[in-house]
Each structure stands twice: as structure tokens, then as C-alpha cells.
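K.L.:
What follows is a single structure, and I will ask about it in a moment.
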Amino acid sequence: APPAAPTAAAKPAVKQAAKPAAAAPGFMFVCDDSTYEECMQHRIFGLPKSQFSTLQSAINADTSLYLFNFKSGQIFGVFRSDGAPALNIVPNAYHGRFPAHVKWELKGDGAVVPVRGEGGDTLTWGRPIPGPLTVSQVAELDVVLTPPEE
């Protein structure tokens, strides 16, 4: 006997378009004394090429950017991107080690704070690491990087 015909036509699955991931509220870059000079001279932050997709998804015009110099123990900020992340914006910057770049501009006056002050750690979440930051981390950084009003 032939197989029974299906009683209801199977509906094809409707594929939902994936929502683009929201950019991170903040992003921490790290440097040492020599790469700090290149960051300032070229006005770029860089990461290894393997991190390029992270930069693309995490950074937009509203993302606050910060730079942690792990040699001096200082955090610099607040910056914002000045264009989309791209590869080799400044060819051979960082001796080619960090070709995933984002151009930056200062957001406000800019400030520098030590990670450890006289009273202990400046940040409640400890030593900064590179990568996307949470809303609470950005809020805390913005407070510590805002100079007190006189």
C-alpha cells in the first residue's frame, strides 16, 4: 500500500534575520610604554588581527574607549572611535604586531588615573584587561576619570 498522504502541508521554517549584536558600552585597550607612544602619535589603538572581529562588533561611535598602560599602572580616557575599526589604518604601526586598529579622538578633556592609589585599588573590579566593558565598568571609569570640580 502506498504511504498515506500528509493531512496538513508542512510549513517551511521561517528564518529570522539575526539581530546585529549591540556594541559594548566601553572597550579597554592595553599598552606598555613603547606602544603608548604609538597610540598617541598615530591616534590609533590596536589589537592582534585575531581580535579584529571583536573590535568590529564591540565598537561604534557611542563606545567609550580607555587605555591601560600596564607598565606605568595608569588608565587614560575617555576616548571615542573616530571611524570604524579597520585593518592597518597606519601600516606597520606597532611593528605589525597589532594590525586591528581603531582611530580615536578625546571625549571631553581626557584624564589619567593610577590603577592603585593611596587607598588601594582605584577600580572595584581590579586590574583592567583588554576587551569589552560592562555598563557598570564604564560608569566607574567615567567617575574616576572625571576631574573634581574646583
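Throughout, read-outs are computed from the coordinates displayed, never taken from laboratory work. This structure is a prediction, so every number in the text was calculated from the model and none was measured. Please note: Cβ atoms are built from the backbone with ideal geometry, for glycine as well, and neighbour counts cover all protein chains shown.
K.L.:
Using only alpha-carbon positions, what ratio does the radius of gyration of the stretch 26-145 give when scaled by 2.2 N^0.38 Å?
P.N.:
So the Cα radius of gyration is 0.99 times the expected 2.2 N^0.38 Å.
K.L.:
Give me the number: length gained by fully extending A139 to K107, i.e. 0.36 nm times residue separation minus the C-alpha to C-alpha distance, one decimal in nm.
P.N.:
Length gained, A139 through K107: 10.1 nm.
K.L.:
Could the peptides 103-110, 26-33 be put in order, highest first, of the mean number of other beta-carbon atoms found within 10 Å of their residues?
P.N.:
Output ranking for 103-110, 26-33: 26-33, 103-110.
K.L.:
Of the options C31, A93, L123, report the single residue whose Cα projects farthest towards the positive end of the charge dipole of the stretch 26-145 (beta-carbon charges: Lys, Arg +1; Asp, Glu -1).
P.N.:
A93
K.L.:
With a sphere of radius 13 Å drawn around the Cβ of Y36, what net charge do the other residues whose Cβ falls strictly inside it have (Lys, Arg +1; Asp, Glu -1)?
P.N.:
Result for the neighbourhood of Y36: -2.
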